[in-house]
Amino acid sequence: MNNSVRSTARLVGAGLRALLVLTIVCGVIYPLVVTGIAQAAFHDEANGSEVTSDGEVVGSELIGQSFDLDKKDKDGNPLPDPKWFQPRPSAAGTNAVNTQYSIVVSGASNLAADSKVLLQSVKDRRKQVAEFNGVPQGEVPVDAITASASGIDPHISPDYAELQVKRVAKENGLPVGTVEKLVEDHTDGRILGFMGEPRVNVLRLNVALKELLQK
């Protein structure tokens with residue numbers, strides 16, 4: 001009986017020591033080491049890839065957002081601000097032109113390619129994007145009328161950015177060439193030269209536009 005008690009006590013003691021050691025190593029030392037490496041080597045990424053303007057955080061370069069007026073249409077949807085470059089549609093929104101990005105809502109619409117609802121929404125978006133930018137419907141690129149799989153894509157194609165140049169230049173009283181140069185400077189090429197497609201981060205582009213206007 002005494003041997004059994006002592007054996008049990010040894011096992012309990014060993015278990016408690018193992019728990020203490022593993023708690024310190026896995027719950028304290030390891031997280032501190034990983035956090036330290038992340039902050040030292042990948043500071044921006046570790047802190048959410050924040051984008052700042054005038055010393056304030058205005059968003060993340062990894063998450064899309066809307067640029068709206070303080071007005072709504074007849075259906076209660078926010079109206080896009082013509083002074084700024086607009087992102088692609090989001091499955092989280094309902095307005096054909098405006099994108100109602102929400103961090104708590106991410107994902108595609110899950111509508112099939114032959115869905116009548118999807119086809120009608122694409123037609124509506126094409127018409128409204130064309131009218132909003134003063135261009136023929138045939139010039140509207142695909143990413144201007146289709147949402148991304150995540151619903152929070154922060155990028156648009158260079159074609160969609162170029163489509164918006166004249167409208168943005170007119171609304172802000174800037175030369176078209178100046179705005180075109182701004183888009184060119186904020187167009188990222190393919191990753192490693194061959195992966196993906198050229199893209200424009202809308203938030204960074206609008207921050208640069210704001211800084212240009214302040215000058």
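The numbers here are math on the coordinates, done by the rules we state, and not lab data. Values in this document were obtained by computation on a predicted structure and should not be read as measured data. So basically every Cβ, Gly included, is an ideal-geometry build from the backbone, and we count neighbours across all protein chains shown.
Just a few scattered comments:
- Restricting segment 169-206 to trypsin sites (Lys or Arg not before Pro) that sit in a DSSP loop and have at most 12 other Cβ atoms within 10 Å of their own Cβ leaves R190.
- Kirkwood hydrodynamic radius (C-alpha pairs) into Stokes-Einstein, segment 2-46, 4 °C and 1.567 mPa s, D in µm²/s: 101 µm²/s
- Lysine pair count for the chain with Cα-Cα distance under 19 Å and sequence separation of 8 or more or different chains is 18.
- Rg ratio for segment 139-215: its Cα radius of gyration over 2.2 N^0.38 Å, N being its residue count, equals 1.13.
- Treating r as the C-beta distance of D44 and T146 and R0 as 22 Å, the FRET efficiency rounds to 0.15.
- Most mobile of K166, K127, K71 in a GNM of the chain (Cα contacts under 10 Å): K71
- Along the chain, counting only chymotrypsin sites (Phe, Trp or Tyr not before Pro) with a DSSP assignment other than H, G, I, E or B and at most 11 other Cβ atoms inside a 10 Å radius, the longest segment between sites is 43-193.
- Compared with the alpha-carbon gap, the fully stretched path from Q137 to D185 is longer by 14.6 nm at 0.36 nm per residue.
- Length added when fully stretched, L174-N3, from 0.36 nm per residue minus Cα-Cα: 52.6 nm
- Helix runs (DSSP H) in the chain reaching 24 Å along axis by Cα, Kyte-Doolittle at least -1.0: 2-24, 116-133
- The length gained by stretching the chain between L212 and D70 to full extension, at 0.36 nm per residue less their Cα-Cα distance, is 48.8 nm.
- Build a GNM of the chain with springs between Cα atoms under 10 Å apart, and of A130, A112, A169 the one that fluctuates most is A112.
- For the chain: Kirkwood Rh in Å [reciprocal of mean 1/r, alpha carbons]: 20.5 Å
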